[in-house]
Amino acid sequence: MSARYEDVVAQLTGPGAPFELVVEEVGGRPQTNFKNRERSLREKIANAAARGDAECMVYGERRISYADFAREVWGAARGLRARGFGRGDRLAVLSYNCPEWISALFGATSLGGIGVGLNGWWAAEELDYGLRDSGSRVLVVDDRLWPRVEKVAREAPDLETVFYIGEDPPPGTQPIAEILEPCDEIPDDPIDEDDPWVILYTSGTTGRSKGCITTHRGTIAQVLGIGFNRISTAILDGALPAPGDGQTVSLLSSPLFHVGGLHSNVCTLISAGARMIFLEGRFEPEKVLQLIERERVQNWGAIPTMLHRVVHHEKVRDYDLSCLKGISFGGAPTAPETVDKALEVLPIQPSFANAYGLTETHGVATACSGKAFLERKTSAGRPIPVLEMEIRDEDGAPCAPGQLGEVCFRGPTITPGYWNRPDASAETVVDGWLLTGDLGFVDDEGFLFVVDRAKDMILRGGENVYCMEIENCLADHPEIDEAAVVGVPDAELGERVKAVVRRVDGSTLAGEAVRSHVAARMASFKVPDFVDFIDRPLPRNPSGKLLKTELRGQASRFAEEPDDA
């Protein structure tokens, strides 16, 4: 007789259990959290150091043990403190995934400082905004992205020091090695659970990115929630690992400036004592296949777009992928066809996990994995046990199972708000409840199905694209009378960006010129993949609101083939 989910939850979260739950008062409200938790990310690194010579990170030919990683983090803390960096100060990182990214950030936050993840796709204007808005005193940047930020870094009013990852640091920068001298002394600066840990920028309907605050408390609770899901799924599926199975090997390919890469992957893998295999540089499907075979990767946390490209790659059957036991994904709609293709081409059936969450939930809020996922490939799963979930109708009342409404969460993983944006914070988190703006329903067993977004956002290959931001950019073009931006479904990227443009009278503006206009001002993932031209006014309701449901449709016949992401 198979175990019931409710019984497994009780088994894992009851008194004395590994995921025991307690109710505490936080901010004047009762809050459920895991009893046996670390109180800061610094404590997490200190615990990880006890794993000694076990490999923590593999980056090309470099192999870094857990003990050496921790000593590098403490060294970064010492080096930053010597330069006057301390509690509440911000350190921004603009870099491709690499060990220095993680060591520098954990070093800063071990002093009570705040990390800032800058989006590696951003254009110079967006980077300027991120540095100024966060008030970062320190910037860590790699050699590939330095040319994009060089000018704005020299002009950012609060920026004092730039640490450079790469050979021959340019004038005005310092080599990152200067603050990564190994050290055994663990900082003892005060850190509160609710102190900001990292600020990650997420787009907003106002057209400007918002710095979402993630805390030590929220990050640690989310990590434990992922651990709970992994163990509960194994119990339900009868697939508990055998004793002595050894260290888990996991491929890290999600960008660290995303909550999925930093919080749900890195922090979770460090907690599990996994060996993290870094994907160097830009994503390339065959590079992933090579790494899985060479490093005998067992688990891969993928963006759906990446999984799509790998399983459809012409050489996917040429590599030995028999080691791959688990694939998790999130951050964008995942086409069931992609999962079916993976089942077809992979030599063994991996355990799949689909997660739903936001930066505002510190990452994973719900998860559907193992046999439950194969039975419900479009479900986002059940919430982690410390989160309350409600589906609310337009009047704010709870919806019945099967009834569509806004997805809302409350618990320790909910953001305290946005950096320098009390107005947006108050609109998004109300009485402790996060109003996600996503529309969904739950079935009779409590599985969440997210079906649409109330907020005007496109999820393109795991990147949040807000339509208004691009529409404002298009409105600045002298030959564009009006424009609307919508998402169109795409099996590979989840969605692609389409602009519907009405030109001024007499204009012969071409689609490529529209794309070039956006590309000169915004990150490449925000550039419309398709451009439609219409001769009539854009459809609107009596109050003037655009009727975007009439504009979505399919990819435009006017557009050139979209660029690869």
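The values are calculated or read from the model by the stated rules, or taken from the named source; none is laboratory data. The shown structure was predicted, so the numbers you read here are calculated from the model rather than taken from an experiment. FYI the Cβ positions are ideal-geometry reconstructions off the backbone, even for glycines, and counts take in every protein chain you see.
A few notes on this one:
- Leading residue by the ranking (farthest from Ile213 (Cα to Cα)) among those in segment 61-89 that are in the same structural domain as Ile176 (by TED's automatic domain parsing) and in a loop (DSSP other than H, G, I, E, B): Arg83
- Residue check, Met1 among the hydrophobic types (A, V, I, L, M, F, W, C), more than 15 Å from Ile186 (Cα to Cα) and at pLDDT below 95: yes
- Scanning segment 493-520 for residues being surrounded by fewer than 19 Cβ atoms within 10 Å (Cβ to Cβ), within 31 Å of the chain's Cα centre (by Cα) and in a loop (DSSP other than H, G, I, E, B) gives a total of 1.
- Qualifying residue in segment 106-116 (condition: over 17 Å from Leu279 (Cβ atoms), touching a Gly at 6+ places or on another chain (Cβ under 8 Å), among the small types (Gly, Ala, Ser) and assigned to a loop (DSSP other than H, G, I, E, B)): yes
- Residues in segment 283-311 that are free of Cβ contacts under 8 Å to residues at least 40 places away in the same chain and part of a loop (DSSP other than H, G, I, E, B): Phe283, Glu284.
- Residue in segment 14-37 that is surrounded by 13 or more Cβ atoms within 10 Å (Cβ to Cβ) and in a helix (DSSP H, G or I) present: no
- You will find that of Val152, Val58, Val93, the residue that is outside the structural domain of Leu251 (by TED's automatic domain parsing) and either crowded, with 22+ Cβ neighbours inside 10 Å or in a loop (DSSP other than H, G, I, E, B) (or both) is Val93 and no other.
- Across segment 254-286, the number of residues qualifying as in contact with a helix residue (DSSP H, G or I) (Cβ under 7 Å, 6 or more places away or on another chain), within 21 Å of Pro304 (Cβ to Cβ) and not hydrophobic (A, V, I, L, M, F, W, C) comes to 6.
- Search result, residues across segment 336-359 that are in a loop (DSSP other than H, G, I, E, B) and out of contact with any helix residue (DSSP H, G or I) (no Cβ under 7 Å at 6 or more places or on another chain): Leu346, Pro347, Ile348, Pro350
- Counted residues, segment 360-384 - those being in a strand (DSSP E or B) and either aromatic (Phe, Trp, Tyr) or more than 30 Å from Ile220 (Cβ to Cβ) (or both): 0
- Residues that are out of contact with any strand residue (DSSP E or B) (no Cβ under 6 Å at 6 or more places or on another chain) and free of Cβ contacts under 8 Å to residues at least 40 places away in the same chain, drawn from segment 66-83: Ala67, Ala70, Val73, Ala82
- When the test is whether a residue is in contact with a Ser or Thr (Cβ under 8 Å, 6 or more places away or on another chain) and in the same structural domain as Trp433 (by TED's automatic domain parsing), Leu21 passes it.
- Filter result for the condition that a residue is outside the structural domain of Asp133 (by TED's automatic domain parsing), more than 30 Å from Arg39 (Cα to Cα), of a type in the set (S, T, N, Q) and touching a residue at least 60 places away in the same chain (Cβ under 8 Å), over Asn464, Asn420: Asn464
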